[in-house]
Amino acid sequence: VQLQASGGGSVQAGGSLRLSCAASGNIFSIADMAWYRQAPGKQRELVAAIGRGGATNYSDSVKGRFTISRDNIKNTMYLQMNSLKPEDTGVYYCKVVSGYLDYWGKGTLVTVSS
């Protein structure tokens, strides 16, 4: 399974970005999908997750600002990020669970300036 994340970039505080993560390859069945991020000098943390049925959960820091979604036909996950803050800066990674294994994308950089 290969994951291709895209949509990162530089934006001013208050702006928006939409990340995408497309899965390809020998996909058995994708169960959970999630976005993580890693800020400079910090550990990787969970941002948002979505189950195959659409159940979602978010970190407290992004609730009300970020929306995770998925398209099970296209095997693609999205993260709509609104009202971005400088503390949202970091590399965003997508992760999927398929066949009881975890797969990670290479990450896409999001930079939010004040």
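The values are calculated or read from the model by the stated rules, or taken from the named source; none is laboratory data. Everything numeric here is computed off the predicted structure, so don't read it as measured data. For neighbour counting, all protein chains shown are included, and Cβ atoms are generated from backbone atoms with ideal geometry for every residue, glycine included. Each accessible area value is taken on the protein alone, full model and side chains, heavy atoms only, with ligands, DNA and RNA left out. Shrake-Rupley method; radii C 1.70, N 1.55, O 1.52, S 1.80 Å.
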### Residues SER114 and ASP60, FRET efficiency given R0 of 25 Å [Cβ-Cβ distance, rounded to 0.05]
0.75
## Note on the structure
Connecting every pair of Cα atoms under 10 Å apart in the chain and solving the GNM, the largest mean-square fluctuation among ASP60, ASP32, ASP102 falls on ASP60
### Task
Subtracting the Cα-Cα distance from 0.36 nm times the residue separation, let me have the gained length for GLN2 to ARG18 in nm, one decimal.
3.8 nm
#### Entry: Per residue value of the accessible surface for the chain (all protein chains in place, 1.4 Å probe), Å²
54
### Query
What percentage of the solvent-accessible surface of the chain, computed with a 1.4 Å probe over protein heavy atoms, is contributed by carbon and sulfur atoms?
48
### Message
Can you pull out the chymotrypsin sites (Phe, Trp or Tyr not before Pro) in the stretch 29-108 whose DSSP state is coil and whose Cβ has at most 11 other Cβ atoms within 10 Å?
### Response
TYR100
### Nearby lysines by direct alpha-carbon distance to LYS63 (threshold 24 angstrom, same-chain neighbours under 8 apart not counted)
LYS42, LYS85, LYS95
#### Entry: Cα shape, the stretch 1-63, gyration tensor, a/c 1.5 rule
prolate
### Task
Just flag the trypsin sites (Lys or Arg not before Pro) in the stretch 26-81 sitting in loop per DSSP whose Cβ has no more than 13 other Cβ atoms within 10 Å.
LYS42, ARG52, LYS63, LYS74
### Query
What residue among SER61, SER69, SER83 shows peak mean-square fluctuation when the chain is described by a Gaussian network model with Cα springs under 10 Å?
SER61
### Message
Give me the percent relative contact order of the chain, please, defined on Cα pairs under 8 angstrom at least 6 residues apart.
### Response
37
